[in-house]
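Trainee: Encoded as structure tokens, here's the structure I'll be asking about.
The values are calculated or read from the model by the stated rules, or taken from the named source; none is laboratory data. Nothing here was measured: the structure is a model prediction, and the numbers come from that model. Cβ coordinates were reconstructed from backbone atoms using ideal geometry, including for glycine residues, and neighbour counts include every protein chain displayed. Quick note on the areas: whole protein, heavy atoms, side chains included, nothing else; ligands and nucleic acids left out. Shrake-Rupley method; radii C 1.70, N 1.55, O 1.52, S 1.80 Å.
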Amino acid sequence: MIIVGVGVGPKMLTQEAIEVISAAAVVYGSERAIELARDHIKCEAHPIKSFKNLHLLPADAVVLSTGDPMFSGLGKFAGEHDRVVTGVSSIQASCARFHVEMSNLAMITAHGRDPAPAKESLIRELSLGKNIFLLPADNFGPAEVAGILKEMGIDAKICIYEDIGYPDERSAVGTVSEPPLNKSDVYCLMVVR
């Protein structure tokens, strides 16, 4: 199996990803991932809702993962002999948008999971002086992050970037006392000191 990152939004496929997708015998992925790669798919594309049985797919299957497969993506399902092709991630897009160097960045995800471990990681990484990139959860977003920053006595910018690459793409910057509000469920958050 080849797991291919299709990028965080439109026009964010790497050349390597385009070549692998174009040569695929069969493609699987979420409806969103298939739509992002649609122009390069030359075979049957099968939407799948559950990725827990990826190991049952044919060895030559190409599985599309939004963003980069190795950050909160499908790369975690890759076996020893599977190939993973990187994609442009929301991390890369956000760092470019907000001019944040990655060398002092902690990456945390609460996306699709219990946010308690993400909250612990956030507190730990903030105490180390790091900037933060966060894939939020429904109940762990800008307001909750602002509350943690306030409790820790940290003054920082809170940035959100939503619908990256789409026509309605939006970014907003706020403060601990006035965090930005997301309008979309497809967004990421940064804490920048």
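Trainee: What residue, among those in segment 134-166 that are in a helix (DSSP H, G or I) and of a type in the set (A, V, I, L, M), is farthest from SER177 (Cα to Cα)?
Mentor: MET152
Trainee: Looking only at segment 117-146, which residues are over 17 Å from TYR161 (Cα atoms), modelled with pLDDT of 95 or more and open to solvent by 30 Å² or more (accessible area, probe 1.4 Å)?
Mentor: Passing the criteria: PRO117, LYS119, GLU120, ILE123, ARG124, GLU125, SER127, LEU128, LYS130.
Trainee: Here is a further query. Out of the residues in segment 58-78 that are aliphatic (A, V, I, L, M) and open to solvent by 40 Å² or more (accessible area, probe 1.4 Å), which is farthest from SER30 (Cα to Cα)?
Mentor: ALA59
Trainee: Also, quick follow-up: Could you please find all residues in segment 158-178 being hydrophobic (A, V, I, L, M, F, W, C) and free of Cβ contacts under 8 Å to residues at least 40 places away in the same chain?
Mentor: Across segment 158-178, the qualifying residues are ILE158, ILE160, ALA172, VAL176.
Trainee: Taking the criterion of being under 19 Å from ALA33 (Cα atoms) and under 17 Å from the mean Cα position of the chain (by Cα), would at least one residue in segment 174-182 satisfy it?
Mentor: Taking every residue of segment 174-182 in turn, none turns out to be under 19 Å from ALA33 (Cα atoms) and under 17 Å from the mean Cα position of the chain (by Cα).
Trainee: Can you tell me which residue within segment 1-12, out of those that are of a type in the set (A, V, I, L, M) and within 14 Å of the chain's Cα centre (by Cα), is most open to solvent (accessible area, probe 1.4 Å)?
Mentor: MET12
Trainee: Can I ask one more? Just to check your reading of the model, which residue among HIS81, HIS55 is touching a residue at least 24 places away in the same chain (Cβ under 8 Å) and open to solvent by 90 Å² or more (accessible area, probe 1.4 Å)?
Mentor: Result of the check over HIS81, HIS55: HIS55.
Trainee: All but one of (1) assigned to a helix (DSSP H, G or I); (2) within 26 Å of GLU169 (Cβ to Cβ); (3) open to solvent by 40 Å² or more (accessible area, probe 1.4 Å) hold for GLU19; state the number of the condition that does not hold.
Mentor: (2)
Matching residues to (1) touching a Gly at 6+ places or on another chain (Cβ under 7 Å); (2) of a type in the set (S, T, N, Q):
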| site | (1), (2) |
| --- | --- |
| THR14 | yes, yes |
| ALA24 | no, no |
| ARG32 | no, no |
| ASN53 | no, yes |
| ALA59 | no, no |
| LEU74 | no, no |
| VAL84 | yes, no |
| ARG97 | no, no |
